[in-house]
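Notes follow once the structure below has been shown.
The values are calculated or read from the model by the stated rules, or taken from the named source; none is laboratory data. This is a predicted model, so every value here is computed, not measured. Positions of Cβ are backbone-derived with ideal geometry, glycine not excepted, and every protein chain shown enters the neighbour counts. Heavy atoms of the whole protein, side chains included, go into the accessibility calculation; ligands, DNA and RNA do not. Shrake-Rupley method; radii C 1.70, N 1.55, O 1.52, S 1.80 Å.
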Amino acid sequence: MELFIWPSDFGLPSFDFECLQFMVASKLCAAPISFVPSRNPRISKSGTFPCFKNGNEQITDFEEFTEFLRNSKQDLVLDSDITESQRCEFDAYTSLLKQKLYPAMLHTFWLDQSNYGTVTNYWFSSHVMFPWNFYYIERWRRRAQTYVESIGRTETTIIRDAIQALNMLSSKLGDNKYFCGDKPCSLDALIFGYLAPLLKAPLPSDRLQLHLSSMPNLVRFVESIISIYLPLSEEQIRQQSTEKRLWSKRKMQAQKVAEELKLRNQQKHNEEEQEKDSSYRDALLFGAFAIVLSVVFAVHTGIISVVREEEPNVEIVP
């Protein structure tokens, strides 16, 4: 059995959040699955990764994959200790993440211009086989855009909903090590996949990242999963250390450009406001001058005459 995934980067065994979900789920039950980093998405029926292959069978959906693991008769059965009430809660959180975090992940990595240009497009362009990178990257971005547009929410609403979801996850985890008790389950794999790239990727537009970083229990959860279930090899650590400086430089440059653009837009806005105020002032002055001039002209030409009415003399008889 093989799980085809996108290669590792940014302190993670894979850059893609769905690949991470598959990887953790398989590790939780010690399934004999080989992880195969790949740069050729054509081998997957979905045109991207993750892609689990078991003979002629392909699975690219997380729920189908976890169901396969539960029924695969491993020594460790995935979610074996989950009660019925916990399973209902699991379904509720799965739905919540799909509604709140999934659109934010798509927007953050694929639709945010700064993040897309600095991280996503650059990363996939160098990791997808040429010339297929031109085709697939644009295809994935259109797919993300179509999905985000279909939910009918603005960028502000998407980010706000994601922040609320992170707050709920932090509250749910509390001081616990995992979300369903002392033993990890597929919900932990699902949540880890969403949080890890958001925490680790060098995002110039980092509002969600900063919010996540301010939650120590969620950060601890991510780091714990990595160290226990997905530790990097020495080769991966060495390679990523070499590239870390490059990514940090790209992030700082993008943030600098974004800040300069923000200042220019603010300056332009101020100039437009000043011009608008000046236009109003000029219009008022012109109007007042026109009224005065019209009155003077009317008086001068006799159109308007000014009659001085004398008060009658009143004799006071002593």
Of all residues in the stretch 2-52, which are among the charged types (D, E, K, R) and under 22 Å from ILE228 (Cα atoms)? GLU2, ASP9, ASP16, GLU18, LYS27
Among the residues of the stretch 98-125, write down those that are within 17 Å of PRO197 (Cβ to Cβ) and of a type in the set (S, T, N, Q). THR108, SER114, ASN115, THR118, THR120, ASN121
Conditions (1) in contact with a helix residue (DSSP H, G or I) (Cβ under 9 Å, 6 or more places away or on another chain); (2) surrounded by fewer than 17 Cβ atoms within 10 Å (Cβ to Cβ); (3) at pLDDT 95 or above; (4) within 21 Å of THR156 (Cα to Cα); number of the one not met by ALA258: (3)
Look at ASN217 and say whether it is touching an Asp or Glu at 6+ places or on another chain (Cβ under 8 Å) and part of a helix (DSSP H, G or I). yes
If you go through the stretch 229-249 one residue at a time, do you hit one that is at positive phi, surrounded by fewer than 18 Cβ atoms within 10 Å (Cβ to Cβ) and in a loop (DSSP other than H, G, I, E, B)? no
The stretch 240-252, residues that are without any contact (Cβ under 8 Å) to a residue 12 or more places away in the chain and of a type outside the set (A, V, I, L, M): SER241, THR242, LYS244, ARG245, LYS249
Taking the stated definitions as given, is SER34 more than 29 Å from the chain's Cα centre (by Cα), under 28 Å from PHE130 (Cβ atoms) and not charged (D, E, K, R)? yes
Note down all Cβ pairs under 9 Å where the first residue falls in the stretch 184-203 and is at positive phi and among the β-branched types (Val, Ile, Thr), the second is surrounded by fewer than 24 Cβ atoms within 10 Å (Cβ to Cβ) and assigned to a loop (DSSP other than H, G, I, E, B), and they're at least six residues apart or on different chains. none
When the stretch 170-189 is checked residue by residue, the ones that are open to solvent by 20 Å² or more (accessible area, probe 1.4 Å) and not acidic (Asp, Glu) are SER170, SER171, LYS172, GLY174, ASN176, LYS177, CYS180, GLY181, LYS183, PRO184
Segments classed as helices (runs of 4 or more DSSP H), wholly inside the stretch 53-166, with at least 1 members that are open to solvent by 20 Å² or more (accessible area, probe 1.4 Å) and farther than 29 Å from PRO32 by Cβ: 84-106, 121-127, 132-150
